Each structure stands twice: as C-alpha cells, then as structure tokens.
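Novice: One structure, as structure tokens, below. Some questions next.
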Ligand code: FAD
C-alpha cells in the first residue's frame, strides 16, 4: 500500500473516532480503495440488497462507528424490488437508490452480488464468519385464499390456470421491469380485455402499465421488449376483480388517483356495487374514507364538462369488479388459450376491514384473453437451517431477533410478511438494527472475539467457483444501462440477462 493511502486510511479512522493502534492492524486498502478495519471490528452480514438490506446497513453504519457491514445479494445487481418491482412510471420512488448508493460506497460497507445464499454459501457458514447475520431476502410465489378466509395454497388454485394467457403479476411485473428470470414470458397482448385478480397497488400498477399511452412509457426505464410488446398491444379494457367490496379495496389513494387520471382512459364501474357505501362513509377511518370518497366520485358522480369530454374521447377503459372470486379460467374451443374467466358472486359477512367474502351459488362468465393474478406475495425459506413460519410466511422473530437462533436477525418483508411500502420497510429495518446494537451493547453478541467476516466467505466462494460482483462492478453495469437509455431518451435501458450483467461487470 502506498504511503499516502496508508495516511489516508489512518486519517479516515481518526475522523471516525478510532484510535491509532487500530489503523496499524489494518490490512490495507481493500476493494475500491476502501479502508479495511481491524479484525476485531463487529462484523455484520446482511443477506439481500433490497430496501430492508440497505436500510439495516445504513442504520448500523450511522449509529456505530466501528461496525462493518457486508451485503450479499443473489443477483449481480442491487436494490431488489426497487429495481424489479416498483413500476417504471414511478421514478420518484426509485430515488431511494441514491441513499442506498451512499451506504454501499461507505468505507465500512461492502456489496457482494451474484452470491446466492443457501446455495453458494450457507447461512450457517455466514454465522461462523460474522458476529451477526441479518436476513433481508425475499423469494416469492403467489398465493390466494381458496376458501376465502381460511387457507392458502400455491398458485391461483382454479382449473384452467395453466392455460396460455394466464400470468402471475409477479412474473408480469418482472417481465416489464427486466428481471432476468421473467424475460421468457413474452405475454400475448393480442386480446381486447384483460382481467386482473386482486385490487392492491400491484394490481393497479399492472393495469396502468397495460393501459398507459406508449408516449408515457417510452420515457421510463421499462425494458425495450416490454415497450415494443405494449406498443403493439390490443388490450383496451382492464377489469380489476376483488372478492370483497369497495370499502375493502387494498390499493392506496395515490395509485387509485393515477388510474382515474390516466390519459386516454375512462372508468367503467358497476353502480350497484356501491349500494350502502355513502351511508357507511362517516364511520370510516380517514385514509379509508378518502379512498372510498374517490371511488364513489369516480363511480357515481356525473363528471364536469371537461372531464366528460375527456372520457368521451378515451379509447381505453378500466374498472373495478367487486364481490367476485375466480372459479375457473375458461378455454377457447381448441383448449389452448384463455377465452374468459368464470367468477363466483360473493356476499359479504361482517363489515369493515374484517368483512369476509362468502361464495354464493351464482356465477358470472367474463370474456377475456388475459388473466393476471395479483392476489399476494409470500416469502419462502432459502436455507433449511432458518426457522420459518410457513403459515405466516415469515421468519418468526421478536423485534427482528430470529427466535431461538442467537446472532440471527431479520428485516423487511421476511420479518413482517409482504405488506407495506418502502417507508414501512425502512422503519422495520431500523428497528432490527436497533435490536442488533442493543445485543452488541448488552454482551448478548460476543463482539470482543474477532471474526474473519468476508475474508473467509470470499475464500469459500472462490473455492466454489463463485465470483462476486462488487459495488464498483455494479456501477459499471449502471453506467452502461444509463448510456444505452440516453440514446432513446430513457433514464436507463436495463441489461436483461445475468450473463450480460456479469460480462459488463467484469470488463
Ligand atoms: P426486496 O426488495 O424483495 O429485496 C430482497 C432482496 O433479497 C432482493 O434483492 C433479492 O434478489 C435478494 N435475495 C433473495 N434471495 C436471496 C438469496 N438466496 N441470497 C441473496 N439474496 C437474495 N413500495 C413503495 O414504497 N412504492 C412503490 O411504488 C412500490 N411498488 C411496488 C411494486 C411491486 C410489484 C411490489 C412487489 C412492491 C412494491 N413496493 C412499493 C413495496 C416495496 O418494494 C417493498 O416494501 C420492499 O421492496 C421490501 O423490501 P425487502 O428488502 O424486504 O425485499
């Protein structure tokens, strides 16, 4: 190490409040010229580089001047659902990437992409190398409640769900957002009507993407193949189906407002679905009340002249269909493709958020060529050694401390279940970081005994032929994507395969 680099690392350690002897133990300037800390720094490993991973790392690094955090991520690129979930026309949401980048560039934080924990390295091996391991990964499959309030099974759980033209929202979102494993999807958008099952924000994201004018989408980071397919799309009508009523929709007002204001579209609601809603309005809590008021206004109010004109000119429609559960996906005469969906008509038992949908004998068939199920996400375990509550689909924990597993913590959707936005994930990740630091201070975690951290893990990975992608490697991918996007007026053109990502990372 050159003299000025050594001096720099000494100065940096001093400004961080560390004493001079620690810098003498330093084994040099590591990846990207980062200062390597003493072997006796508390070493924390974070699994998963979505918001939970980054917010946990950020809080630990800010609150303690000695902690080193290594983030392991299965993909070569960071940021989880911020990159692969958040809709392309929500660039403001993706601004959190700037904060995550600052954390990743911090001298006490390292990123190791392209490392599949549970396959390339076990959680047990990580626990041996680090003082603490924080699980912030998510692997999802879709599920739905078949017997409406009781149990949960994998997939949609209705006959015909394997027909061409039926997709999960997870795959559809992954397809338009460039998730490598979803690029084969190539959904057939040649039909006029699409049915989305589920009425949460993800369902509305999908509806918006299906109906947005192409001029809006082409200025976003949506992938080029998705943009081309959507430009050719014949979908003109999207029905968003929910098993309960207008007072139980799971979306938020921002997403509903975006639908209401979407250019070149008009709402198409069933007035009868809103029976009794006006009377119930006064008893609703404020956020639910505002959401319901907007629904009522959209469904029942006669629009002003300008709005009426806008609606008349619109070439596309969207609408909620309430009190309906899928029973069967209907096939075309050749039994190859989706031709429609049979919906059971439900009645509600109880009221408010807890109201339960009960099937009636009545059914309704809706013609459509595309069915997208957006019923919910659910985590699955990545390593048999991790305690997992398969009923709640979370790692059982107390304030982020994994139960009966000393030194193991969890944050994000794995901790709470797949609910809430990035801000809620931030808060629950900060809570986990606080629990972890309390355990450091109280002696529950034995941080006085040195741990090797990434040194051991990197050696293990090398032996297994796994080459991690560092944050500076990711920055090469980032700059190629931004450059490709500039050529077409987009914020970025995402690389779509792991192979290409690795190739660019290693140039
Ligand atoms: P994730 O973001 O899923 O991150 C988990 C990370 O773990 C991923 O990077 C994954 O690759 C990695 N991982 C998985 N398995 C392994 C493994 N074996 N080894 C190593 N790494 C692994 N919130 C908003 O505020 N605004 C929005 O507009 C918004 N839109 C959304 C749209 C969709 C479609 C979805 C699904 C969610 C949206 N959210 C939005 C919610 C937000 O994305 C979540 O709150 C947040 O991403 C949860 O963070 P997380 O870190 O727990 O999970």
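Novice: Any chance you could run the full-extension gain for residue 102 through residue 364? It's 0.36 nm times the residue separation minus the Cα-Cα distance, nm to one decimal.
Specialist: 89.0 nm is the gain from fully extending residue 102 to residue 364.
Novice: Follow-up. Grab the Cα-Cα distance for residue 92 and residue 286, subtract it from 0.36 nm times how many residues apart they are, and report the gain in nm with one decimal.
Specialist: Length gained between residue 92 and residue 286: 67.3 nm.
Novice: Below 8 Å, C-alpha to C-alpha, sequence gap of six or more: please give me the relative contact order for region 155-375 in percent.
Specialist: 31 percent
Novice: Measure nothing fancy, just the Cα-based angle from helix 51-63's long axis to the longest principal axis of the chain, in degrees from 0 to 90, nearest 10.
Specialist: Taking Cα atoms only, the helix is inclined about 40 degrees.
Novice: Which angle between 0 and 90 degrees, to the nearest 10, do you get for helix 454-463 versus the longest principal axis of the chain when only C-alpha atoms count?
Specialist: For helix 454-463, the angle is close to 70 degrees.
Novice: Rounded, prolate or oblate: which fits region 408-507, taking a ≥ b ≥ c as square roots of the Cα gyration tensor eigenvalues, rounded meaning a/c under 1.5, else prolate when a/b beats b/c?
Specialist: Verdict is oblate for region 408-507.
Novice: Which whole-number percent is the relative contact order of the chain (Cα, under 8 Å, 6+ apart)?
Specialist: 21 percent
Novice: Also, I was wondering about something else. Quick one: Cα centre-to-centre distance for region 331-353 and region 185-257, in angstrom?
Specialist: If we compute the Cα centre of each part, the gap is 18 Å.
Novice: So, one more: For the residue pair residue 234 and residue 124, what label-to-label distance in nm results when each label sits 7 Å from Cα along the Cα-to-beta-carbon direction?
Specialist: 5.6 nm
Novice: Additional query: At 7 Å along Cα-to-Cβ for each site, give me the label-to-label distance between residue 403 and residue 254 in nm.
Specialist: Result: 3.3 nm between the two label points.
Novice: How much of the DSSP bridge set in the chain is antiparallel, in percent, rounded to the nearest 5?
Specialist: 40 percent
Novice: While we're on this one: Cα gyration tensor of region 155-375, axes a ≥ b ≥ c as square roots of the eigenvalues: rounded (a/c below 1.5), prolate (a/b > b/c) or oblate?
Specialist: It is oblate, given that a/c is not under 1.5 and a/b is not larger than b/c.
Novice: Also: To the nearest 0.05, what FRET efficiency results for residue 389 and residue 487 with a Förster distance of 56 Å applied to their C-beta separation?
Specialist: 0.70
Quick note: the coordinates plus some simple rules give every number you see, no bench work behind them. Keep in mind it's a predicted model, so treat the numbers as computed, not measured. Counting neighbours? That spans all protein chains shown, and the Cβs are built from the backbone with ideal geometry, glycine included.
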